[in-house]
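First the structure, in the form of C-alpha cells, and then the observations on it.
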Amino acid sequence: MEILTLHTENFKGVPLDINFEGVDTDIYGDNGTGKTTVADAIWWLLFNKNSLNETVFEIKPLDAYGQPRHNLEYAVEATFRLDNNEIVTLKKVLTEKWTQKRGSAVKENTGNETKYFIDGTPKPTNKFNAYIKETFISEDIFKLLTNVHHFSENIDWKARRELVLKICGDVESADIFAANPDIKELENLFANKSLEDFKATINAEKKKINDELKIIPAKIAELKNNIDVEPSESKLKLEAALGCVRKELNTTKEEILLAKNGSTVINLKKAIAEVDTAILTRKNDLNKDITDRITALSKEISEQQLQESSIRQEQSLADSRKLANEEEIANIENDLKALADKFDTEAAEKYPDTPIDDTCALCGQKLPADQINLAREKEDKARTDYNIKKAKRLEDMNAQGKQLKANLDKDRADIIVNENKAAELGKTAADIRQIMEDKRKEYRAMLDNKIDSSPAIDALEARKLKYLQQITDVETAAEVNITGLKENAAAKQTEIDNLENKLAVIRTSERTQERIAELTKQQKDYAQRFEELSRQLFLTEEFTKTRVKLLEDKVSSKFKLTQFKMFTDQINGGISECCEPMHDGKPYKALNNAMQYNIGLDIIRTLDAHYNFYPPIFIDNAESITKLNTDIDAQIIRLIVSEPDKKLRVVVKDETRKEIA
C-alpha cells in the first residue's frame with residue numbers, strides 16, 4: 001500500500017498538499033514547519049489518533065494567543081494505492097456544532113461532528129471504520145508495520161515472543177532429539193509431560209529425597225545410642241532356661257491347688273452344688289402358679305402400654321388438625337373481609353361522565369354534527385364496555401366469596417369432628433391407664449406373695465451350712481503346707497521375670513539393628529536415585545540449550561540484520577524465556593540510533609511478508625541516519641530536520657530510491 005496524495009485543510013494549522021506518487025519520499029523542514037503533521041494526518045484519518053498514539057491532541061489551528069480558531073472545517077484527505085493496485089480516496093472532516101440557547105443572543109460551541117467519505121461518498125462512522133479494518137488492516141498491526149520502534153520498544157516481550165514464534169514457528173521436540181542424540185532417552189521419560197512439568201516433578205522428588213537424606217544419619221545415630229551393651233548370655237540359652245523355670249512353676253501351682261482342693265474338698269463342693277439345685281427346684285414347685293401369673297401380667301401390661309401410645313398419637317393428630325382448621329378459618333375470614341371491601345369499592349365506582357367537546361381544539365369553531373355524533377357513539381361504547389367489565393368483575397368476586405364461605409363452613413364442621421374425636425380418644429386412654437395401674441398392683445402383690453421357705457427347704461439349707469463348715473476345717477489344716485509351696489512359686493516367678501527382662505533387652509537390640517540396616521539401605525537407595533534425578537535434570541538442561549540454539553537460529557533466519565535472544569540465563573543456572581532483538585551480539589537498547597532504525601526496518605520487512613500487507617513507513621528525525629536499510633518492499637517517508645527549509649520541501653524518489661531531479 002502506498003500513499004499517492006495527501007491534502008489537509010486547517011489541520012493543526014499546517015496546510016499540506018503533497019503528491020507522493022506512491023514512492024519513497026523525503027520531507028525536509030525546520031523544527032515546527034509541520035513534518036510530524038504529515039504522519040499525524042495519516043494516523044488521524046485512519047484511526048482517529050496522532051502518530052504518538054494519542055486520542056486527545058489539538059487538531060484545530062491556534063491563534064496568536066494560543067487559542068483554537070473556530071468556525072472552520074478541519075479536514076484530511078488522502079489517496080492510497082492498495083496492494084491489489086486499487087486506488088481509493090479517504091476523507092475525514094471535523095466541524096464544530098454551534099447552538100443558540102433560548103433567551104441567548106449568542107451561539108455557543110456545544111461539540112464537534114466528524115464526517116467520513118470513501119471515494120467522495122459519505123459514510124457513517126461504523127462503516128468507515130469497518131472499511132479501514134477490512135481493506136487496510138487493524139490498528140495494532142498498522143502500528144507494527146509503520147513505526148520502526150513499535151515492535152522493539154512499545155509492546156511487551158511476551159507479545160513480541162508470541163508474534164515471533166507465530167512467524168517462525170516453535171521447535172518441535174523431534175527436531176531437538178535429532179539435533180542432540182545424547183538426550184534421546186528424554187523422549188521416553190517425558191511421558192506426555194511438558195518440559196516444565198517434567199522438571200518440576202524431578203525437582204519435587206529431589207527435594208523430598210534431600211530432606212530424607214538430611215535426617216537419616218541423625219536417626220541412625222540415635223538408634224546406635226539406644227543399643228545396650230552386648231549381653232553376656234546367648235538368646236538360645238536364656239530361652240531354654242525360661243522354658244524350664246516356667247514348667248517348674250506350673251508344677252508348684254498344681255501342688256498348691258491339690259493342697260487347697262484335695263479329694264475331700266472336691267466332694268464337699270459337689271455336694272453343695274447338688275443341695276443348691278434341690279433348693280431351687282423346691283422353690284420353683286412351690287411358686288409355679290405365682291410365677292406363671294407374674295409372667296402373664298408383665299405381657300398384658302406391655303400390650304396395654306403399646307395401645308395407649310397409639311391412642312395418644314391419634315389424639316395428638318386430631319388436635320393438630322383442629323389447630324390447622326382454626327388457622328384456615330382465620331385466613332378465610334380475613335380474605336372475606338378484604339373481598340367485601342374490594343367489592344364495595346368496585347360497586348361504588350362509576351364511569352366518568354365527561355361532556356362531549358364539540359369545539360375544534362385548533363380553530364375554536366364548532367365541529368360538524370357527524371363528528372359530534374361519532375364522538376358520542378365512541379363515548380357510549382366506552383361506557384357500555386366499562387359497565388360489562390365491571391359487572392363481570394363483581395360477578396367473579398361474588399363467586400369467590402361463595403367459595404370462601406363454603407370452605408369456612410367445612411373447616412368449622414371439621415373442628416367439631418376433631419374435637420369430638422380427641423375427647424373420645426382421651427377417655428379411652430384414661431381407661432387403659434386405669435387398667436394398667438390395676439395390673440401393676442396385682443403384679444407387686446404377686447411378688448410379695450412368693451414362698452421362699454418350707455420344712456424341706458430349711459433342712460436342705462442346714463445341710464449346705466454343714467458342708468461349708470467341713471470345707472473350712474479341711475483348708476485350715478492344709479494351710480501350713482500351702483505356705484511353703486507359695487514361697488517356692490514366688491521365687492520361680494522372680495526368676496522368670498529376670499529371664500524375660502534379659503530376653504527383652506536382646507530382642508530390642510535386634511530390632512534396633514534391623515532398623516539401622518533398613519535405614520542404611522534406604523540412604524544408599526536415596527543417594528542413587530538422587531544421582532539419577534540429577535543426571536536427568538542435566539539432560540533437561542541440555543535439551544533446553546539445544547532448543548535455545550535451534551529456536552534462535554530458526555528465528556534469526558527470517559531476518560537479515562536482526563538476531564533474537566529468546567532465552568536468558570538465570571543466577572540459579574536455569575534459563576527463562578525472553579524476546580530481545582539483537583545485532584552482532586548487542587541488545588537493541590545498546591545499539592546506536594541509526595542501527596535501531598535499521599533493525600526496526602528489518603523487523604518490519606519480515607512482518608510485512610507475514611501479514612502480506614506493505615503500508616508506508618514513517619522515519620522521523622531521519623537526518624541522524626547516514627545509512628538506512630531500504631531493502632524493503634514498502635514506501636518509506638523520511639522526515640528530515642533541515643534548518644534552511646522554513647517551509648516543507650518534498651523530494652520524491654524514483655523506483656530505485658534515487659531523487660527525481
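The values are calculated or read from the model by the stated rules, or taken from the named source; none is laboratory data. Please read all numbers here as calculations on a predicted model, not as lab measurements. Glycine also receives a Cβ, built like all others from the backbone with ideal geometry; neighbour counts cover every protein chain displayed. With ligands, DNA and RNA removed, areas are computed over all heavy atoms of the protein, side chains included. Shrake-Rupley method; radii C 1.70, N 1.55, O 1.52, S 1.80 Å.
Before moving on, here are some points about what is shown:
- Subset of the range 628-645 (residues that are closer than 21 Å to F613 by Cβ, assigned to a loop (DSSP other than H, G, I, E, B) and open to solvent by less than 30 Å² (accessible area, probe 1.4 Å)): I632, A634, Q635
- Within the range 179-217, the set of residues being small (G, A, S) and modelled with pLDDT of 90 or more comprises just one member, A204.
- In the range 34-54, the condition of being farther than 28 Å from K653 by Cα and aromatic (F, W, Y) is met by no residue.
- K166 being open to solvent by 60 Å² or more (accessible area, probe 1.4 Å), modelled with pLDDT of 85 or more, at negative phi and of a type outside the set (V, I, T): yes
- Where strands (runs of 3 or more DSSP E) sit wholly within the range 4-105, those with at least 3 residues that are free of Cβ contacts under 8 Å to residues at least 60 places away in the same chain, surrounded by fewer than 12 Cβ atoms within 10 Å (Cβ to Cβ) and not hydrophobic (A, V, I, L, M, F, W, C) occupy 87-100.
- Taken over the range 160-215, the criterion of being among the charged types (D, E, K, R), closer than 30 Å to K524 by Cα and free of Cβ contacts under 8 Å to residues at least 24 places away in the same chain is satisfied by K184, E187, K193, E196, D197, K207, K208, D211, K214.
- Filtered residue count, the range 586-608, keeping only those that are in contact (Cβ under 8 Å) with a residue 12 or more places away in the chain and either open to solvent by 20 Å² or more (accessible area, probe 1.4 Å) or assigned to a strand (DSSP E or B) (or both): 6
- Output for the range 636-661, where each listed residue is under 11 Å from T25 (Cα atoms) and either among the hydroxyl-bearing types (S, T, Y) or at pLDDT 90 or above (or both): I636, I637, R638, L639, I640, R649, V650, V651, V652
- Within the range 382-404, the set of residues being surrounded by 12 or more Cβ atoms within 10 Å (Cβ to Cβ) and under 19 Å from A330 (Cβ atoms) comprises Q400, G401, L404.
- Which numbered condition P122 misses (of (1) surrounded by fewer than 17 Cβ atoms within 10 Å (Cβ to Cβ); (2) under 28 Å from N598 (Cα atoms); (3) over 35 Å from the mean Cα position of the chain (by Cα)): (2)
- Residues in the range 562-585 that are open to solvent by 50 Å² or more (accessible area, probe 1.4 Å), out of contact with any Ser or Thr (no Cβ under 8 Å at 6 or more places or on another chain) and under 30 Å from S624 (Cβ atoms): 3 in all.
- Test for Y443: is it hydroxyl-bearing (S, T, Y), closer than 20 Å to A296 by Cβ and either in contact with a helix residue (DSSP H, G or I) (Cβ under 8 Å, 6 or more places away or on another chain) or without any contact (Cβ under 8 Å) to a residue 24 or more places away in the chain (or both): yes
- Among residues of the range 609-627, those that are in contact with a strand residue (DSSP E or B) (Cβ under 8 Å, 6 or more places away or on another chain) and open to solvent by 60 Å² or more (accessible area, probe 1.4 Å), counted: 2
Condition check ((1) modelled with pLDDT of 85 or more; (2) surrounded by fewer than 11 Cβ atoms within 10 Å (Cβ to Cβ); (3) not in a helix (DSSP H, G or I)) across all residues:
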residue	(1), (2), (3)
A462	yes, yes, no
I471	no, no, no
A478	no, no, no
N481	no, no, no
Q523	yes, no, no
Y526	yes, no, no
F530	yes, no, no
L533	yes, no, no
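- Scope the range 15-40; condition under 57 Å from the mean Cα position of the chain (by Cα) and of a type in the set (A, V, I, L, M, F, W, C); matching residues: V23, V38, A39
- From M397, M436, residue being farther than 30 Å from I294 by Cβ and part of a helix (DSSP H, G or I): M397
- Flag if G111 is open to solvent by less than 60 Å² (accessible area, probe 1.4 Å), of a type outside the set (A, V, I, L, M, F, W, C) and farther than 26 Å from K133 by Cα: yes
- Taken over the range 335-381, the criterion of being surrounded by 11 or more Cβ atoms within 10 Å (Cβ to Cβ) and either among the aromatic types (F, W, Y) or under 56 Å from the mean Cα position of the chain (by Cα) (or both) is satisfied by D335, L336, L339, K342, F343, Y351.
- Restricting the range 283-316 to residues that are under 60 Å from the mean Cα position of the chain (by Cα) and open to solvent by less than 60 Å² (accessible area, probe 1.4 Å), the residue that is farthest from A429 (Cα to Cα) is S302.
- Leading residue by the ranking (farthest from K421 (Cα to Cα)) among those in the range 317-334 that are open to solvent by 60 Å² or more (accessible area, probe 1.4 Å) and either aliphatic (A, V, I, L, M) or more than 49 Å from the chain's Cα centre (by Cα) (or both): N334
- Long-range neighbours under 9 Å by Cβ, at least six apart or interchain, first residue free of Cβ contacts under 8 Å to residues at least 12 places away in the same chain within the range 447-462, second of a type in the set (K, R) and open to solvent by less than 70 Å² (accessible area, probe 1.4 Å): S453/K283
- Cβ pairs under 7 Å, 6+ apart, first in the range 498-527 and within 30 Å of G243 (Cβ to Cβ), second open to solvent by 60 Å² or more (accessible area, probe 1.4 Å) and not in a helix (DSSP H, G or I): K502/P231; K502/E233; V505/D228; V505/P231; I506/P231; S509/D228; T512/N226
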